[in-house]
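**Student:** Attaching a single structure in structure tokens format; questions to follow.
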Amino acid sequence: MRLALLALVVLAFAACGDGDQDGGPVSIEEALRADGQAVIVEGGIVAMDGGPVRLCSALMESYPPQCGEPALELRGLDLDALELETSAGDPSVSPARWSDGPVRVRGTVENGVLTVESVLS
């Protein structure tokens, strides 16, 4: 009986993995707690000119959109490979690029920064 209970506990913890096991993403909050681990995480992308690229739990309704917290800084993401909205050409606002919807990213989290391995469709 104890062995069966132990096996059940081990399976339960294994199911709480990094979002990679079943292909589903973890939340940004979960990714922030997954320091040193590989994860798949989903959110909106915001890249303000001169600032870090961020994966955001929400995109705020402003122009250009701002990043809602919690958020992860992204490193190694090729913004030019993504279809992003842009405020380029509008001299009345700060230059920025952002995703029109959620983007799934796979990478490793360290100290609140996700180093991107790939972007999933």
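The values are calculated or read from the model by the stated rules, or taken from the named source; none is laboratory data. For clarity, every value in this text was computed on a predicted model and none was experimentally measured. Cβ sites come from the backbone with ideal geometry, for glycine too, and all protein chains shown count toward neighbours.
**Student:** Output the number of residues of the stretch 20-45 satisfying the condition of being touching a residue at least 40 places away in the same chain (Cβ under 8 Å) and either part of a strand (DSSP E or B) or hydrophobic (A, V, I, L, M, F, W, C) (or both). Spell out the reasoning first.
**Tutor:** Going through the stretch 20-45, the residues touching a residue at least 40 places away in the same chain (Cβ under 8 Å) turn out to be 20, 25, 28-29, 31-32, 34-45.
Applying the additional criterion that residues be either part of a strand (DSSP E or B) or hydrophobic (A, V, I, L, M, F, W, C) (or both) yields 28, 31-32, 34, 38-45.
Of the residues in that region, 12 qualify.
**Student:** Could you give me the residue pairs with C-beta distances under 8 Å whose first residue belongs to the stretch 46-70 and is assigned to a loop (DSSP other than H, G, I, E, B), whose second residue is of a type in the set (V, I, T) wherever it lies, and which are 6+ apart or on separate chains?
**Tutor:** Y63/V93; P64/V46; P64/V93; P65/V46; Q66/V46
**Student:** Restricting to the stretch 80-106, give me the number of residues that are part of a loop (DSSP other than H, G, I, E, B), among the hydrophobic types (A, V, I, L, M, F, W, C) and at pLDDT 95 or above.
**Tutor:** Of the residues in the stretch 80-106, the ones part of a loop (DSSP other than H, G, I, E, B) are 82-84, 87-95, 99-102.
Applying the additional criterion that residues be among the hydrophobic types (A, V, I, L, M, F, W, C) yields 82, 84, 88, 93.
Now restrict to residues that are at pLDDT 95 or above: 82, 84.
Going through the stretch 80-106 one residue at a time, the tally reaches 2.
**Student:** Filter the stretch 47-65 for residues that are buried (at least 17 other Cβ atoms within 10 Å of the Cβ) and more than 11 Å from the chain's Cα centre (by Cα); which is nearest to P91 (Cα to Cα)?
**Tutor:** Looking at residues that are buried (at least 17 other Cβ atoms within 10 Å of the Cβ) and more than 11 Å from the chain's Cα centre (by Cα), I get P64.
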